[in-house]
Amino acid sequence: MATLLHIDSSITGDASTSRAVTATFRAEWEAQHPNGTVIYRDLAAEPLPHLTGLAAGAAFTAPEDRTAEQAAAMALREQLATELESADAVLIGAPMYNFTIASTLKVWIDQVILAGRTMGEAPSAAGTPAVVVASRGGSYRPGTPRESFEFVQNYLEKVLNGGLGLQVEFIVPELTMARSNPAMADLVELADASREQAHTDATARAKALAATVTV
């Protein structure tokens, strides 16, 4: 059975561009695999607890030696790791806030990274395709004035690919503030085109990835 792990982190609800694009991807994926499974985590609606010293230490403590608190903290980390490992594809909505990812998404990353399991010489989810919808209010592409402020794609490429071993692709709807910021009025046409392209790319990527999963 095809399994999609879908993670959203936008705080703007129905106004969110990243949520709209991940919804397009998911709809196409489900159309291709109507009997499949979607594991969904809305990190804005149900944020995960921050990684604590207790939870971090539990990973390096033998199960039989863990305290009750360590066991409970480790149970969540193992659940998140299992969700990642069971996925045939990963879909992440990662809007840019203050030049980087939402803190709630960083928490998921901190919790799901388990040395010797999900990260290490042989990451347990290595090779799993991951599509990241990295929306942003302006433009941070190479050659733009704020290119050096881009810490979403740069960071996620390193941690998801270099750390977890996922095969990462980005869909980047940009200039999302153009219709609400008068100073960006002359960029509305470009913003609309970027959003439309993002939805087109999401549909195409979902269809292509779904076709690689046999059930």
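The values are calculated or read from the model by the stated rules, or taken from the named source; none is laboratory data. The shown structure was predicted, so the numbers you read here are calculated from the model rather than taken from an experiment. Positions of Cβ are generated from backbone atoms using ideal geometry, with glycine treated the same way; all protein chains shown enter the neighbour counts. Side chains included, ligands, DNA and RNA excluded: accessible areas come from the protein's heavy atoms. Shrake-Rupley method; radii C 1.70, N 1.55, O 1.52, S 1.80 Å.
Observations, loosely collected:
- For the residues Ala202, Ala206, Ala210, the requirement of being within 18 Å of the chain's Cα centre (by Cα), under 23 Å from Thr100 (Cβ atoms), in contact (Cβ under 8 Å) with a residue 60 or more places away in the chain and part of a helix (DSSP H, G or I) singles out Ala202.
- Matching entry among Val168, Val133 (being within 20 Å of Ala89 (Cα to Cα), surrounded by 15 or more Cβ atoms within 10 Å (Cβ to Cβ) and free of Cβ contacts under 8 Å to residues at least 40 places away in the same chain): Val168
So that you can scan it fast, the table gives a plain yes or no per residue for (1) closer than 30 Å to Arg141 by Cα; (2) among the charged types (D, E, K, R); (3) touching a residue at least 12 places away in the same chain (Cβ under 8 Å):
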| site | (1), (2), (3) |
| --- | --- |
| Thr52 | no, no, yes |
| Met74 | no, no, yes |
| Glu85 | no, yes, yes |
| Ile92 | yes, no, yes |
| Met96 | yes, no, yes |
| Phe99 | yes, no, yes |
| Thr104 | yes, no, yes |
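- Filter pass, Val132 being in a helix (DSSP H, G or I) and of a type in the set (Val, Ile, Thr): no
- The residues of the range 171-192 that are surrounded by 12 or more Cβ atoms within 10 Å (Cβ to Cβ) and assigned to a helix (DSSP H, G or I), listed by number, are Met184, Leu187, Val188, Leu190, Ala191, Asp192.
- Cβ-Cβ under 6 Å pairs, at least 6 apart or on other chains, the range 1-26 side farther than 13 Å from Thr104 by Cβ, far side part of a strand (DSSP E or B) and open to solvent by 30 Å² or more (accessible area, probe 1.4 Å): Met1/Thr37; Thr3/Thr37; Leu4/Val38; Leu5/Ile39; His6/Val38; His6/Tyr40
- Given (1) in contact with a Lys or Arg (Cβ under 9 Å, 6 or more places away or on another chain); (2) under 30 Å from Ala62 (Cα atoms), index of the condition Val107 fails: (1)
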